[in-house]
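The values are calculated or read from the model by the stated rules, or taken from the named source; none is laboratory data. Values in this document were obtained by computation on a predicted structure and should not be read as measured data. Note that each Cβ is placed from the backbone with ideal geometry, even for glycine, and that neighbours are counted across all protein chains shown. Just the protein is used for accessible areas: all its heavy atoms, side chains included, with ligands, DNA and RNA removed. Shrake-Rupley method; radii C 1.70, N 1.55, O 1.52, S 1.80 Å.
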2 protein chains.
Amino acid sequence: MIRNSEATQSRLLMAAKGQFAANGYERTTVRDIAAEAGVNVALINRYFGSKEELFAQAVAIDLEFPDLSDVNKGEIGERLVRHFYTRWEGNYADDLLRVLVRTAATNATAADKIMKILNGQIVPLVTKLTGEAGAQHRASLVATQILGLAYCRYILNLGDDYLDPPDTVAAIAETLQRYLFAPAT
Amino acid sequence: MIRNSEATQSRLLMAAKGQFAANGYERTTVRDIAAEAGVNVALINRYFGSKEELFAQAVAIDLEFPDLSDVNKGEIGERLVRHFYTRWEGNYADDLLRVLVRTAATNATAADKIMKILNGQIVPLVTKLTGEAGAQHRASLVATQILGLAYCRYILNLGDDYLDPPDTVAAIAETLQRYLFAPAT
DNA sequence: CTCATGTGTAAACACGCATTGACATAACGG
DNA sequence: CCGTTATGTCAATGCGTGTTTACACATGAG
């Protein structure tokens, strides 16, 4: 038996993200996670203390939000959708956004994390693009559309027959563009 | 002690919807539901058989989708948003949509129910408005936006400081209008 | 009044879960 | 090779859960 604490911790983290993303926080058991990682259950407590802390670490990594500082204003909407859309085309089972959207429904830690992303990344981005005034409103509108898209893909599992990729990207890009730049009412 | 099985069943159903909406399926215990209803736990099994069946009944009632057959085409988007928006302004703790959006994340029954609403109510509505072609795509886009709005209100608890009611209604109404009627690409 | 039935209560059961502690074994410097 | 430390295993514990069982009480017809 090869022994390497770093590797097993990493395997546990990956397995945790996958399980949490697929089944939510309550439905995934530490036994499932350990089984998928191929290690003993007790190691979760040894290395992470508790299931809750393992979960916290699983959602601790930053969402790699795209850098849009040098993008043409007219293309920002499309870049944003495409960024999220391509993530699940590559079907990352352990994608952080996937974990968050599913688990936030029953776990305050995950909901807080989404709020942190909204306040810490989306609002500042919008502020830089359009100025202070109304940035929080605009950012929230953007959040409703992106999270709704994620919800339909991750939780309802709407496939391409429902959300045809090119059409969907185009339609939602235009929406985001309007939420970002449309003159205030 | 007054004894009335109909009344207690009804109280259990209301309490169940409230608890499921607030905490999701796994986190709400039958004991919590019974306590809120002010009745004994065992009555849940007597009257509903199991927690799962109680839940099924809690989400069995139909969503009162507005009748839009006689509404001006230009106002349908606004009517749609306003219909959902006014529900939570009256803060119905046991609102069905609220229950569904939260529980679908971890409960297949709820996710199926949302799919039934999408396929059985939204798609037909769109079909009637714009014809067969592309109705499923358009309806799905509408779903992403409405569910995203519900997600932000119900799960993230974004208040009026994030989603200012009049602006939000206007912005999203325009989006739905476009998803419904914009010419196909 | 009385008894059968509908309704409510309390305790106990069975199960799955996260967590823990005692023990085994690999890794590795001396 | 030895002994210490890091890493992994196993069984047991305690708790919370949904469910069931046995019992108590109200209700209303005969």
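A few points about this structure:
- With K and R counted +1 and D and E -1, the other residues having a Cβ less than 10 Å from that of B:Ala171 yield a net charge of -1.
- Rounded to 10°, Cα long-axis angle of helix A:108-117 versus longest principal axis of chain A: 40
- Solvent exposure, largest accessible area first (probe 1.4 Å, DNA, RNA and ligands not counted), of B:Phe181, B:Phe48: B:Phe181, B:Phe48
- Cβ-Cβ FRET estimate between A:Val41 and A:Trp88, R0 fixed at 25 Å, reported to 0.05: 0.25
- Bins of 5 Å, starting at 0 and running to the largest distance - Cα pair percent for region B:42-98: 4, 15, 18, 15, 15, 11, 8, 6, 4, 2, 0
- Rounded to the nearest 20 debye, the dipole magnitude of chain B is 480 debye, with +1 charges on Lys and Arg beta carbons, -1 on Asp and Glu beta carbons, and the Cα centre as origin.
- Cβ-defined net charge surrounding B:Gly74, 15 Å radius [Lys, Arg +1; Asp, Glu -1]: 0
- Area accessible to solvent at B:Asp161, 1.4 Å probe radius, in Å²: 90
- Label distances, nm, A:Asn72 versus same residue in remaining copies, Cβ-directed 7 Å point: 3.7
- Taking every C-alpha pair closer than 8 Å and separated by at least 6 residues, the mean separation divided by the residue count of region B:2-58 gives a relative contact order of 39 percent.
- Principal-axis tilt of helix B:76-89 within chain B, Cα atoms, nearest 10 degrees: 30
- Chain A - accessible surface per residue (Å², probe 1.4 Å): 46
- Among B:Ser50, A:Ser69, the sequence by solvent-accessible area, most first, with a 1.4 Å probe is A:Ser69, B:Ser50.
- Sequence-distant contacts, meaning Cα pairs under 8 Å at least 6 residues apart, place the relative contact order of chain A at 25 percent.
- Protein-protein interface of region A:96-118, residues with accessible area decrease of at least 50 Å², isolated chain reference, 1.4 Å probe: A:Ala105, A:Thr106, A:Met115
- B:Asn119 label point (Cα plus 7 Å toward Cβ) to equivalent points in the other copies: 4.1 nm, shortest first.
- By accessible area, using a 1.4 Å probe on protein heavy atoms only, region A:46-185 has 51% of its surface on carbon and sulfur.
- Positive contributions from Lys and Arg (+1) and negative ones from Asp and Glu (-1), summed over other residues with Cβ under 10 Å from the Cβ of B:Leu96, come out at 0.
- Chain A against chain B buries an accessible area of about 3800 Å², both chains summed, 1.4 Å probe radius.
- Using the rule -39500 (n - 2.57) for each DSSP H run of four or more residues, divided by the residues of the protein assembly as shown, the 222 nm mean residue ellipticity is -20000 deg cm²/dmol.
- Rounded to 10°, Cα long-axis angle of helix B:5-27 versus longest principal axis of chain B: 60
- Using the Cβ-Cβ distance between A:Glu52 and B:Ala182 with R0 = 41 Å, the FRET efficiency computed as 1/(1 + (r/R0)^6) comes to roughly 0.35.
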